[in-house]
Every structure is written in C-alpha cells, then in structure tokens.
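The values are calculated or read from the model by the stated rules, or taken from the named source; none is laboratory data. These numbers come from a predicted model, not from an experiment. So basically every Cβ, Gly included, is an ideal-geometry build from the backbone, and we count neighbours across all protein chains shown. Protein only, heavy atoms only, side chains kept; ligands, DNA and RNA dropped before computing areas. Shrake-Rupley method; radii C 1.70, N 1.55, O 1.52, S 1.80 Å.
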Amino acid sequence: MATTDYLTDLSNHQSFYTYFDNLKYHAIKNNFPISLTLIDIDNFKGINDTYGHLTGDQILKELASIIQKSIRKKDFAARYGGEEFALIFAHTTLKDAVVISEKLRKAIEAHTFKIGKEAIHVTVSMGTNTFSPHITYASLYDFINDVDKLLYKAKHNGKNQVQYWERPV
C-alpha cells in the first residue's frame with residue numbers, strides 16, 4: 001500500500017497514523033514528548049473557486065515544499081487531507097513545537113505563489129499540542145482531536161495564527 005501522497009510527495013494520511021502510533025508507543029516506553037501540529041490553508045475554497053483546482057493543486061505542492069524546507073530533518077510531515085497537513089515532532093516540547101510552527105507560518109505568509117501571471121499569497125492556521133507519557137488520553141485519536149480543536153480555534157480567532165494550549169507539567 002502506498003505511503004506517499006501522490007500530489008505533494010509527503011507521507012499520506014494512513015502513514016501519518018501508523019508513524020504516530022508507533023512513535024507514541026516508544027514515547028511512553030522511553031518517556032519523551034511528541035508534539036503535533038495540524039495545518040489548514042486559510043480560504044482555500046476561495047482560491048479553488050477563483051483560480052481553479054489546478055492552481056489549488058499547484059499551491060498544495062509548493063506549500064508541501066515550503067513545509068519540508070522549514071522543518072528539521074528528524075520531523076515528520078504528512079498531507080492529512082484536502083488542504084490540511086500534519087507535522088509530528090518527536091522529542092520536542094510544546095514550546096519548541098510552537099517556535100517551529102510559527103517559523104513555518106511566517107515562511108508561508110511571506111511566500112509568493114506565482115501562478116502564470118498571478119501572484120497569490122496564502123496564510124495558514126495551525127493547532128499545536130504535545131503528547132507527554134504522563135498525560136492520559138483514552139486514545140491517540142482523542143489527542144489528535146484536541147489538536148484539531150486548537151486548529152479550529154485559530155480559524156475562528158482570525159486565521160493566520162498558531163493556537164496551542166499549555167497544560168501544567
């Protein structure tokens with residue numbers, strides 16, 4: 001079964017879950033944090049409606065390239081679905097994950113996507129949180145759902161931002 005997204009050359013949705021589940025097991029066993037960032041392109045439907053789906057695809061490809069260049073070699077990036085991406089940072093605290101995510105957000109905001117004669121700027125909203133072995137979640141999906149809620153909080157609070165929730169350590 002393929003593990004790579006055909007359009008972006010990032011890992012796909014299923015390989016994201018496989019990787020994260022295995023990493024979670026090692027994190028619990030060896031007591032290290034895992035940070036997760038979920039990313040959604042702001043107003044992507046409007047881009048597709050205005051410029052067409054081929055332009056949307058080109059932006060997805062280019063954004064995937066920006067992601068790969070902005071994260072560390074040890075980090076894991078996947079196309080989570082549609083215009084959403086997921087980043088997994090092993091051995092990374094929330095503070096460090098927020099710094100990496102904010103750097104990426106700024107790189108995307110500053111980038112000019114050249115589509116024919118058009119120059120398009122996009123922004124992204126992000127939710128970031130850290131899974132620590134001593135914090136109990138009923139399942140990995142519950143943790144991911146918490147991060148997804150942070151992503152939607154970023155969307156509802158004006159977009160183009162990183163939202164995170166710090167728990168007492």
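Would you say Tyr19 is of a type in the set (Ser, Thr, Tyr) and surrounded by fewer than 21 Cβ atoms within 10 Å (Cβ to Cβ)? Yes. Of everything listed in (1) under 17 Å from the mean Cα position of the chain (by Cα); (2) free of Cβ contacts under 8 Å to residues at least 12 places away in the same chain, the single unmet condition for Phe44 is (2). Ser11 meets the conditions (1) farther than 21 Å from Phe143 by Cα; (2) open to solvent by 20 Å² or more (accessible area, probe 1.4 Å); (3) at pLDDT 95 or above in every case but one. The failed one is (1).
Within this structure, Asn31 passes the test of being open to solvent by 10 Å² or more (accessible area, probe 1.4 Å), out of contact with any His (no Cβ under 7 Å at 6 or more places or on another chain) and either of a type in the set (A, V, I, L, M) or at positive phi (or both).
When each of Tyr141, Tyr137 is tested for being among the aromatic types (Phe, Trp, Tyr), over 13 Å from Ile39 (Cβ atoms), assigned to a loop (DSSP other than H, G, I, E, B) and open to solvent by 20 Å² or more (accessible area, probe 1.4 Å), the lone residue that passes is Tyr137. Among the residues of region 19-57, those that are among the charged types (D, E, K, R), out of contact with any strand residue (DSSP E or B) (no Cβ under 7 Å at 6 or more places or on another chain) and closer than 30 Å to His91 by Cβ comprise Asp21, Lys29.
I'd like the full set of residues that are of a type in the set (Lys, Arg) and open to solvent by 80 Å² or more (accessible area, probe 1.4 Å), limited to region 144-156. Answer for region 144-156, where residues must be of a type in the set (Lys, Arg) and open to solvent by 80 Å² or more (accessible area, probe 1.4 Å): Lys149, Lys153.
Let's see how each residue does on (1) more than 17 Å from Thr92 (Cα to Cα); (2) of a type in the set (Gly, Ala, Ser); (3) in contact (Cβ under 8 Å) with a residue 24 or more places away in the chain:
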{"residue": "Phe113", "(1), (2), (3)": "yes, no, yes"}
{"residue": "Glu118", "(1), (2), (3)": "yes, no, yes"}
{"residue": "Ser125", "(1), (2), (3)": "yes, yes, yes"}
{"residue": "Tyr137", "(1), (2), (3)": "yes, no, no"}
{"residue": "Asn145", "(1), (2), (3)": "yes, no, no"}
{"residue": "Gln161", "(1), (2), (3)": "yes, no, yes"}
{"residue": "Tyr164", "(1), (2), (3)": "no, no, yes"}
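Looking only at region 88-113, which residues are of a type in the set (D, E, K, R) and either at pLDDT below 95 or under 28 Å from Ser132 (Cβ atoms) (or both)? Lys95, Asp96, Glu102, Lys103, Arg105, Lys106 - these are the residues of region 88-113 that are of a type in the set (D, E, K, R) and either at pLDDT below 95 or under 28 Å from Ser132 (Cβ atoms) (or both). Quick check on region 129-142. Is at least one of its residues within 15 Å of Tyr164 (Cα to Cα) and more than 14 Å from the chain's Cα centre (by Cα)? Scanning region 129-142 turns up at least one residue that is within 15 Å of Tyr164 (Cα to Cα) and more than 14 Å from the chain's Cα centre (by Cα). Those helices (runs of 4 or more DSSP H) of region 36-133 in which at least 1 residues are under 21 Å from Tyr19 (Cβ atoms) and open to solvent by 10 Å² or more (accessible area, probe 1.4 Å), considering only elements entirely within it, cover 53-70, 94-110. Leu94: in contact with a helix residue (DSSP H, G or I) (Cβ under 9 Å, 6 or more places away or on another chain) and not basic (Lys, Arg), yes or no? So Leu94 fails the test.
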